[in-house]
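Visitor: Quick one: this structure, given as structure tokens, is what I'll be asking you about.
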Amino acid sequence: MKNRSVSANTTTDLGALIRRYVQVTKPGIIFGNLIAVVGGFLLASKGEVDLVLMFATLIGLSLVVASGCAINNYIDRDIDGKMQRTCKRATVTGEIDLERVLSFGVLLGIAGFGLLAWFTNVVALLFAAFGYLVYVGLYSLYMKRNSVYGTLVGSLSGAVPPVVGYCAVTGQLDGAALILLLMFSLWQMPHSYAIAIYRFKDYEAANIPVLPVAQGIDKAKLHIVFYIAVFAIVSTMLSLAGYTGIGFMAVACVTSFWWLAMALKGYRSDVNLLRWSRQVFGFSILTISLLSVTMAVDFQVVTQSPLLVMLN
């Protein structure tokens, strides 16, 4: 009976340890990026999907993202302890040895970049490396703590996954890849500012100079509206340039303008800021998910009748 109890406790402890290691990789962020990677990959594939390449790209980039998140948790352990949302992370509570977290992150990165180097191409690999260096190096180590422009710099790394998915197929940097980079980077801004307003007290307590804390919520509202408006324009460029069809154009217009209308409600005198910012944040996820799915399936129109030809 005693041996069974020891065995059960060992299994439980192992399971808890695995969960902690999984948590430091921020699985929610990994899953969100997977949707974007698939969208970019299938947009470039145009119906001729190389499943081996697709899964290698998904797994490789997921490992790279997981590596960046684990190392980010290691770097942010001091400020995470000051925020209610993050104060129970294993890197803060000491449930995982910090050196092991750092080693774990490095190993994930080696495995991820190794897969991308073996199965994809130089362009996809360089974009993955660019996003990783921006997130871990420039953003996590310096910009997040010291500059109101940290969100803008971080948005570049967040925009990389769909570009890696696209370039893994094409092996080249073309108009669609640039549009995806700009589109997803613009999307990151209102998405992040909405989080910063909703979690204002957390960011203030940790002394993180995000726009709402550093320059006020009113200015953050203005930037949210501005970036959504520009995002709405840029997202239609995939169709206007002939990379997607009328279906993507319709989804882009409806979701973007709905998101913009939601953002403008922030100027109402009776607005509940917490509820409003949470709604803007939630709808941002719905918007980019729908666009990722739509661009993955609305590719056949491209080779038949690009919209620029139709409009002429």
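Visitor: Restricting to the stretch 280-312, and then to whatever is of a type in the set (Val, Ile, Thr), open to solvent by 60 Å² or more (accessible area, probe 1.4 Å) and more than 23 Å from Leu186 (Cα to Cα), can you tell me which residue is modelled with the lowest pLDDT?
Guide: Out of the qualifying residues, it is Val309.
Visitor: Right, something else. Could you please let me know if Ile18 is under 21 Å from the mean Cα position of the chain (by Cα), assigned to a helix (DSSP H, G or I), within 23 Å of Val101 (Cα to Cα) and at pLDDT below 95?
Guide: no
Visitor: Residues that are open to solvent by 10 Å² or more (accessible area, probe 1.4 Å), within 23 Å of Ala168 (Cβ to Cβ) and not in a loop (DSSP other than H, G, I, E, B): does the stretch 74-92 have at least one?
Guide: No, the stretch 74-92 has no match at all.
Visitor: Mind checking whether some residue in the stretch 253-261 is closer than 20 Å to Asn33 by Cα and either in a helix (DSSP H, G or I) or open to solvent by less than 60 Å² (accessible area, probe 1.4 Å) (or both)? Steps first, answer last, please.
Guide: Within the stretch 253-261, the subset closer than 20 Å to Asn33 by Cα is 255-256.
Now drop any that are not either in a helix (DSSP H, G or I) or open to solvent by less than 60 Å² (accessible area, probe 1.4 Å) (or both), which leaves 255-256.
Yes, the conditions are met somewhere in the stretch 253-261.
Visitor: Shifting gears a bit: For the stretch 110-119, indicate whether the set of residues that are open to solvent by 50 Å² or more (accessible area, probe 1.4 Å) and either of a type in the set (S, T, N, Q) or in contact (Cβ under 8 Å) with a residue 60 or more places away in the chain (or both) is non-empty.
Guide: Taking every residue of the stretch 110-119 in turn, at least one turns out to be open to solvent by 50 Å² or more (accessible area, probe 1.4 Å) and either of a type in the set (S, T, N, Q) or in contact (Cβ under 8 Å) with a residue 60 or more places away in the chain (or both).
Visitor: Any residue at all in the stretch 211-219 that's within 19 Å of Thr287 (Cβ to Cβ) and in contact (Cβ under 8 Å) with a residue 12 or more places away in the chain?
Guide: No, every residue in the stretch 211-219 fails to be within 19 Å of Thr287 (Cβ to Cβ) and in contact (Cβ under 8 Å) with a residue 12 or more places away in the chain.
Visitor: Taking the conditions exactly as written (under 21 Å from Thr151 (Cα atoms), among the polar types (S, T, N, Q) and open to solvent by less than 10 Å² (accessible area, probe 1.4 Å)), does Ser277 satisfy them or not?
Guide: Yes, satisfied.
Visitor: Take the stretch 127-178 and flag every residue that is more than 18 Å from Val37 (Cα to Cα) and of a type in the set (S, T, N, Q).
Guide: Ser140, Asn146, Ser147, Thr151
Visitor: Looking at the structure I just gave you, is Gly171 out of contact with any Leu (no Cβ under 9 Å at 6 or more places or on another chain), open to solvent by 20 Å² or more (accessible area, probe 1.4 Å) and among the small types (Gly, Ala, Ser)? Don't jump to the end; show me each part of the working.
Guide: Numbers: out of contact with any Leu (no Cβ under 9 Å at 6 or more places or on another chain): yes; open to solvent by 20 Å² or more (accessible area, probe 1.4 Å): yes; among the small types (Gly, Ala, Ser): yes.
Answer is yes for this residue.
Visitor: Right, another one. Being open to solvent by 50 Å² or more (accessible area, probe 1.4 Å) and in contact with a Phe, Trp or Tyr (Cβ under 7 Å, 6 or more places away or on another chain) is the filter here, so list the residues in the stretch 24-46 that pass it.
Guide: Of everything in the stretch 24-46, just one residue is open to solvent by 50 Å² or more (accessible area, probe 1.4 Å) and in contact with a Phe, Trp or Tyr (Cβ under 7 Å, 6 or more places away or on another chain), namely Lys46.
Visitor: Looking at the stretch 262-272, which of its residues are open to solvent by 60 Å² or more (accessible area, probe 1.4 Å) and in contact with a helix residue (DSSP H, G or I) (Cβ under 8 Å, 6 or more places away or on another chain)?
Guide: Listed by number, the residues that qualify are Leu264, Lys265, Tyr267.
Visitor: Could you give me the residue pairs with C-beta distances under 6 Å whose first residue belongs to the stretch 67-95 and is under 14 Å from Arg145 (Cα atoms), whose second residue is among the small types (Gly, Ala, Ser) and open to solvent by 10 Å² or more (accessible area, probe 1.4 Å) wherever it lies, and which are 6+ apart or on separate chains?
Guide: From the stretch 67-95, the pairs are Lys82/Ala205.
Visitor: Still on this structure, please answer the following. Take Leu180 and decide whether it is closer than 29 Å to Asp298 by Cβ and crowded, with 24+ Cβ neighbours inside 10 Å.
Guide: Taking the combined requirement at face value, the residue satisfies it.
Visitor: Of all residues in the stretch 132-154 being crowded, with 17+ Cβ neighbours inside 10 Å and in contact (Cβ under 8 Å) with a residue 40 or more places away in the chain, which is nearest to Asp50 (Cα to Cα)?
Guide: Going through the qualifying residues, I end up with Tyr132.
Visitor: Pairs please, first residue from the stretch 159-182 and touching a residue at least 60 places away in the same chain (Cβ under 8 Å) and more than 13 Å from Met295 (Cα to Cα), second anywhere and part of a loop (DSSP other than H, G, I, E, B) and open to solvent by less than 30 Å² (accessible area, probe 1.4 Å), Cβ atoms under 7 Å, 6+ apart in sequence or on different chains.
Guide: So the pair list comes out as Ala168/Thr120.
The values are calculated or read from the model by the stated rules, or taken from the named source; none is laboratory data. What you are looking at is a predicted structure, and each value in this text was computed from that prediction instead of being measured. Glycine also receives a Cβ, built like all others from the backbone with ideal geometry; neighbour counts cover every protein chain displayed. What goes into the accessible areas is simple: the full protein's heavy atoms, side chains included, and nothing from ligands, DNA or RNA. Shrake-Rupley method; radii C 1.70, N 1.55, O 1.52, S 1.80 Å.
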